[in-house]
1. Being at pLDDT below 95 and either over 22 Å from Ala146 (Cα atoms) or polar (S, T, N, Q) (or both) is the filter here, so list the residues in segment 251-276 that pass it.
2. Kindly evaluate Asn259 against the criterion of being polar (S, T, N, Q), in contact with a Gly (Cβ under 9 Å, 6 or more places away or on another chain) and either under 19 Å from Ala105 (Cα atoms) or not assigned by TED's automatic domain parsing to the domain that holds Pro168 (or both).
3. Only one of these is more than 16 Å from the chain's Cα centre (by Cα) and touching a residue at least 40 places away in the same chain (Cβ under 8 Å): Gly97, Gly93, Gly77, Gly125. Name it.
4. Looking at (1) surrounded by fewer than 22 Cβ atoms within 10 Å (Cβ to Cβ); (2) over 19 Å from Pro104 (Cβ atoms), find the lone condition where Gln228 falls short.
5. Name the one entry in Arg160, Arg197, Arg112 that is surrounded by fewer than 18 Cβ atoms within 10 Å (Cβ to Cβ), modelled with pLDDT under 95 and basic (Lys, Arg).
6. Considering only residues that are acidic (Asp, Glu) and modelled with pLDDT of 95 or more, look in segment 211-244 and name the one that is farthest from Gly261 (Cα to Cα).
7. Only one of these is closer than 20 Å to Gln50 by Cβ, touching a Gly at 6+ places or on another chain (Cβ under 7 Å) and basic (Lys, Arg): Arg283, Arg231. Name it.
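The values are calculated or read from the model by the stated rules, or taken from the named source; none is laboratory data. This one's a predicted model, so the numbers in the text were calculated from it and none came from an experiment. Positions of Cβ are backbone-derived with ideal geometry, glycine not excepted, and every protein chain shown enters the neighbour counts.
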Amino acid sequence: MTSKLIACAVLSGALIAITSPSQAQDAEFYRGKTLRILVGTAVGGDYDTQARLVSRHIARHIPGEPAVIVENMTGAGGMNMANYLFNLAAKDGTYVGVMPNNFPALQWSGGRGIQFDVAKFGWLGALTQETETMVAWHTSGIKTIADVQQKEVIAGATGRGAITYTFPAMLNALIGTKFKIVTGYAGGSDVNLAMERGEVVARLNSWTSWKATKPEWVQNGWINVLIQAGRRHPDLANVPSLEPMAKTPDDRQLMELINLGNELGRPFASPPGIPQERLKVLRDAFKAVSKDPKLLAEAATMRMELDPMDGEEMQRKIDGVLKTPKELLPRAKDFLE
């Protein structure tokens, strides 16, 4: 054998040694299996919509191309799903959850019902980073956030601990609004129906979600946007932002704690303890699917504005928010527990 052939043989062997163990094993692992994406809210809401969008495209980016299904596990504002994902779901890479984005702040505050540690989930990333909006139904007469500082307004929410509860409760505590929060709705679509029926006047939702799930409401002016939080959206140039309303540095820090959820969008995570090489497969697949031309084309037809975040950056942000000084905890208890 010539030296050139020997060199090629050595190189080929090295490549096989480098690439075959994890990649081949993962291909064999996922082939014929099912990846389950759990959603803690009802069908039709923003979390569910993004989960189903990802489910239609992500298999192409996972070795072995598993079947992918979405399962809704409602209750307690997504808490039931998160507790299940952390404690009971298989820790082999076959389960993923779309997590409520306020759970890092809720854990920091010692919120009720938590049976998980957000620092130990395997965060995969998100398709969007959100501008949250508190809106009022157009026939209510409520047009500005100042109106809610003067008059009691009924807001719909899924449950205590959910961002639909936490955000208006925070507004009450920090800027003096008078939202009366009614909980118990299974998901955002149920709160929307309640608004149409006149049961509630207001609710929280991301601007991206309004445009994607209720475009006729936006186009016809059926919702009045009272306040926005997170990144300012160009559509909402005349709507005030929450952050400048902070009266003290502590208020600002608490707002940033809650508004981390806007940066996280609708975050996807795996259970703790899955093999690191499989977590890498899922993270890589999520990065790839967020740039997949077929997903991008479908998102465009849904009027969904994508601004992806990868899992590593998400993990860093969550680790950071957990370091918020505990001296602020007594004030946060008013709206986070």
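1. Scanning segment 251-276 gives Gln253, Leu257, Asn259, Leu260, Gly261, Asn262, Glu263, Leu264, Gly265, Arg266.
2. Spelling it out, Asn259 is indeed polar (S, T, N, Q), in contact with a Gly (Cβ under 9 Å, 6 or more places away or on another chain) and either under 19 Å from Ala105 (Cα atoms) or not assigned by TED's automatic domain parsing to the domain that holds Pro168 (or both).
3. That would be Gly93, the only listed residue that is more than 16 Å from the chain's Cα centre (by Cα) and touching a residue at least 40 places away in the same chain (Cβ under 8 Å).
4. Checking Gln228 against (1) surrounded by fewer than 22 Cβ atoms within 10 Å (Cβ to Cβ); (2) over 19 Å from Pro104 (Cβ atoms), the one that fails is (1).
5. Arg112
6. Here the answer is Glu216.
7. Of Arg283, Arg231, the one residue that is closer than 20 Å to Gln50 by Cβ, touching a Gly at 6+ places or on another chain (Cβ under 7 Å) and basic (Lys, Arg) is Arg283.
Yes/no per residue for (1) without any contact (Cβ under 8 Å) to a residue 12 or more places away in the chain; (2) under 30 Å from Ala90 (Cα atoms):
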site: Leu106; (1), (2): no, yes
site: Phe116; (1), (2): no, yes
site: Lys120; (1), (2): no, yes
site: Val135; (1), (2): no, no
site: Glu152; (1), (2): no, no
site: Thr166; (1), (2): no, no
site: Lys178; (1), (2): no, no
site: Ala194; (1), (2): no, no
site: Gln219; (1), (2): yes, no
